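Participant: The following block contains the structure, expressed as structure tokens.
The values are calculated or read from the model by the stated rules, or taken from the named source; none is laboratory data. Everything numeric here is computed off the predicted structure, so don't read it as measured data. Here the Cβ positions follow ideal geometry from the backbone for every residue, glycine too, while neighbour counts run over all protein chains shown.
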Amino acid sequence: MRALITTGDDHLLRMAEVPDPVPGPTEVLVRVQATSLNRGEVVRAKNAPAGQQVGWDVVGTVERAADRADGPAVGTTVVGLVSNGAWAELAAVPVDFLAPVPVGVTPAQAACVPVAGMTAFRALALGGFPVGKRVLVTGASGGVGHVAVQLARAAQMTVTGLIRTPEGNDAAVAACHHVLRDIHEAQGPYDHILEGVGGEVLTRCLDVVAPHGMVVSYASTLMDPAMLGPRWFGAHLGASLRSMLIFEELKRTQSASSDLSTLCALIGEGVLTPHIPVESDWIRGGQLARDLLSRKVTGKVVLSVGTH
């Protein structure tokens, strides 16, 4: 089969022939139709030696069913995630890490659900989906952030989003009650904070979290250290900082199917609309991965797989 593999240089990715995956008894073999790019896997591709497969998000049709009777049948369109190898014509996906794609949800929309959608969903769930509470989402125009502000708004939270360039990010702006260009504008207190930037942004989030509130840190693009202010513990009694990586969460819970089904249903109902500024053939994967790293594109980049 064909797959995008790492080049070990600034080109990041190239197309190559690789062996077909061999699914285990609890996995299905999926003929991939679409995938999306996440910053974390692109960074991994940039730092990897030449010849490695990468990729997390999978949308496609079941070509070979799992031995388990409760798995999806051959021909079912499914969405799921793998720890490696999604940017390929075929992927072996664990039954517990996939769900059927409902009618009315496109492959491109479904491709935004696994890593970005589930990260947003579970980061909000850690705070108990605090209905009516004040929520701050940093990187609110990004793949995770744009989903998070919509989910928070649908759960009747008061949503503030950090969007450095609101111009051109109309959909993300519209989903927020309040928009900040600079994190130092944040006043708080916020009951729940989803933080995906790090550095001084995380520092400010820790300053404005409410007593007994929570800051969920799910990514860090700034390498500067974050700091706690003087007498932080006294000013933020009961507050917590919680780190979260979606694959570690999945190791702990051993299931993604329910989350994937819920998020797809919300897309089908029009409650959630993934922001897809770029939808392209996977032959452009290397260039689009470079664009994502250099922040030439925000939101989700979706690749159609196997068309060329």
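Participant: Scan (1) in a loop (DSSP other than H, G, I, E, B); (2) under 26 Å from E249 (Cβ atoms) for the single condition V147 breaks and write down its number.
Facilitator: (1)
Participant: When the residues of region 95-138 are filtered to those that are touching a residue at least 40 places away in the same chain (Cβ under 8 Å) and among the polar types (S, T, N, Q), which remaining residue is farthest from K300 (Cα to Cα)?
Facilitator: To start, the set of residues in region 95-138 that are touching a residue at least 40 places away in the same chain (Cβ under 8 Å) comprises 95-105, 107-124, 126-127, 130, 133-138.
With the extra rule that they be among the polar types (S, T, N, Q), the set shrinks to 109, 119, 138.
Details: Q109: 10, T119: 14, T138: 16 Å.
Across region 95-138, the extreme among qualifying residues is T138.
Participant: Cβ-Cβ under 8 Å, sequence separation 6+ or interchain: first residue in region 8-24 and within 25 Å of G71 (Cβ to Cβ) and not assigned by TED's automatic domain parsing to the domain that holds V54, partner in a strand (DSSP E or B) and charged (D, E, K, R). Which pairs?
Facilitator: Pairs that qualify, where the first residue is within 25 Å of G71 (Cβ to Cβ) and not assigned by TED's automatic domain parsing to the domain that holds V54 and the partner is in a strand (DSSP E or B) and charged (D, E, K, R): there are none.
Participant: Related question: Take region 2-57 and flag every residue that is basic (K, R) and part of a loop (DSSP other than H, G, I, E, B).
Facilitator: Taking region 2-57 and keeping what is basic (K, R), we get 2, 14, 31, 39, 44, 46.
Scanning region 2-57 gives no hits.
Participant: Given (1) assigned by TED's automatic domain parsing to the domain that holds G60; (2) buried (at least 16 other Cβ atoms within 10 Å of the Cβ); (3) assigned to a helix (DSSP H, G or I), identify the lone condition not met by Q287.
Facilitator: The single condition Q287 does not satisfy is (2).
Conditions tested, residue by residue: (1) more than 22 Å from the chain's Cα centre (by Cα); (2) over 18 Å from G143 (Cβ atoms); (3) buried (at least 20 other Cβ atoms within 10 Å of the Cβ).
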{"residue": "H192", "(1), (2), (3)": "no, yes, yes"}
{"residue": "G196", "(1), (2), (3)": "no, no, yes"}
{"residue": "D207", "(1), (2), (3)": "yes, yes, no"}
{"residue": "M214", "(1), (2), (3)": "no, yes, yes"}
